[in-house]
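> Can you read through this structure? Questions will come right after.
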Amino acid sequence: MTAPFLSISRRTRSTPFSRRVTQAGVKAYTVYNHMLLPTVFNSLEDDYFHLRESVQIWDVACERQVEVRGPDAARLLQLLTPRDLSNMQIGQCYYTPMVDETGGMINDPVTLKLADDRYWISIADSDLLLWVKGLSAGTRMDVAVTEPDVSPLAVQGPKAEDVVAAVFGERVRGIKFFRFEPMLLNGQEYIVARSGYSKQGGFEIYLQDSAFGEALWDAIEEAGKPHGIRAGGPNLIERIEGGLLSYGNDMTRLNTPHECGLGKFCQTVDAIGCIGRDALIRTIMEGPQRMIRGLKIHAKDLPFTIEPWSVLTDDGHHAGQVTSSAWSPRLETTVAIAMIEKDYWEPGTALVVDTPSGPRDAQVVSLPL
Ligand code: THG
């Protein structure tokens with residue numbers, strides 16, 4: 001059976017790097033924030049090993065920025081998240097669960113504080129711009145909410161620091177995890193952050209003018225040549241092993257941040273002003289009924305499906321659902337992210353996954369693997 005392919009049009013927005021991605025031989029895309037996101041270049045497994053050993057350049061322009069600018073910017077940001085932003089410094093990135101008035105996850109972006117009155121919300125795949133514009137208009141806050149011409153380009157992998165230092169200078173080595181600095185290259189300003197959607201280390205470079213996208217790509221590729229740089233993208237195997245969640249896959253509006261294991265990024269009681277605060281405080285009192293866990297599924301070559309797979313106990317009780325899975329060529333097992341009910345979420349618990357190939361034994365594990 002040949003896999004279906006994606007019809008690309010103007011609605012599947014291209015990026016400032018799309019021509020370079022095509023030239024690099026992209027084999028598969030997904031759509032993220034209505035924009036193309038490359039997922040495979042050689043093969044998922046080959047890309048995975050290369051990412052862990054070398055360095056890759058990723059077109060993650062689909063991580064769109066929602067810019068909030070104006071005197072009420074900090075107040076509007078705190079309305080969106082149960083993470084306490086009161087001590088956030090300029091130059092910091094915060095992983096920020098964002099919730100609606102029921103405490104349900106709306107997005108899990110990285111927020112950058114550029115100035116006391118200016119933030120970028122680097123969003124996952126949901127139309128956060130509309131929610132933020134709606135809240136800002138409805139509460140009559142004094143802010144401008146826009147999607148600026150900003151496109152992140154990620155450099156990920158163990159050699160990333162050498163590559164980014166070769167382009168932007170030795171100063172990048174001093175940037176701490178989840179911090180950023182504005183840096184100049186040929187007269188253009190770029191925001192250089194130590195962050196990215198992999199556990200292999202690296203940077204995200206925020207391009208602020210699409211016209212310079214290919215020049216930036218080329219400078220990184222050139223500097224990366226001695227290190228064996230290749231084009232890549234967020235890798236399904238690597239991100240499951242790393243426990244990095246994918247909004248829309250592993251969590252939806254039906255989940256609280258606590259169910260998503262993001263409780264450590266919430267200070268709900270202190271997050272005064274957060275729209276979901278009352279609802280979340282109620283659910284914190286009850287305690288989460290299910291939580292994100294890793295699973296090792298004892299099976300190979302499981303087919304691709306769209307619907308989550310049911311997780312059961314060996315006597316057939318509902319125990320949860322698998323939301324992401326992939327064969328790990330390193331661990332030689334299928335690794336998965338699953339939402340597991342409270343009675344079964346202890347690591348080591350033996351469960352059964354109802355896969356499209358039939359029932360398969362599985363074990364709850366903690367992430368990262
Ligand atoms: N970078 C940027 N924007 C993004 C992503 C990104 N927007 C979409 C998506 N990714 C948002 N989701 C995540 C999920 C996990 C992390 C970042 C964004 C992440 N988590 C680390 C972890 O869990 O180990 C560290 C979090 C921390 O300690 O603060 O990096 O990747 N620009």
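Just so you know, all these numbers are worked out from the coordinates, no wet-lab data involved. What you are looking at is a predicted structure, and each value in this text was computed from that prediction instead of being measured. No Cβ is skipped: glycine too gets one built from the backbone with ideal geometry, and neighbour counts run over all protein chains shown.
> Just G138, G294, G196 to compare: in a GNM of the chain, with alpha carbon springs under 10 Å, which one fluctuates most?
So, out of G138, G294, G196, the one fluctuating most is G138.
> So what are the three principal axis dimensions of the range 98-169 from its Cα atoms, in whole Å, longest to shortest?
Principal-axis extents of the range 98-169 (Cα, largest first): 47, 26, 20 Å.
> Could you tally the net charge around Q89, taking each other residue with its Cβ under 12 Å from the Cβ of Q89, Lys/Arg +1 and Asp/Glu -1?
So the surrounding residues net to +2.
> Could you work out the relative contact order of the chain, using alpha carbon pairs under 8 angstrom and six or more residues apart, expressed as a whole percent?
On the way: 837 pairs, mean separation 65.3, N = 369.
So the answer I get is 18 percent.
> Let a ≥ b ≥ c be the square roots of the eigenvalues of the Cα gyration tensor of the chain; is it rounded (a/c under 1.5), or, if not, prolate (a/b larger than b/c) or oblate?
oblate
> In whole Å, what are the Cα extents of the range 143-257 along the three principal axes, biggest one first?
Projected onto its principal axes, the Cα set of the range 143-257 covers 46, 40, 25 Å.
> Rounded to the nearest Å, what's the spacing between the alpha carbon centres of the range 255-318 and the range 94-167? Just the number, please.
22
> Right, another one. Which whole-number percentage describes the relative contact order of the range 145-278, with Cα contacts under 8 Å and a sequence gap of 6 or more?
Relative CO of the range 145-278 lands at 22 percent.
> Additional query: Please check: in the Gaussian network model of the chain (C-alpha springs, under 10 Å), which one of N186, N42, N107 has the largest mean-square fluctuation.
Among N186, N42, N107, the largest GNM mean-square fluctuation belongs to N186.
> Report, in deg cm²/dmol and to the nearest 500, the calculated mean residue ellipticity at 222 nm for the chain, where each DSSP H run with n ≥ 4 adds -39500 (n - 2.57) and the sum is divided by the residue count.
On the way: 8 runs with 73 residues, N = 369.
Counting only the DSSP helices, I get -5500 deg cm²/dmol.
> In percent, what relative contact order does the range 8-133 have, based on Cα pairs under 8 Å that are 6 or more apart in sequence?
This gives 21 percent for the range 8-133.
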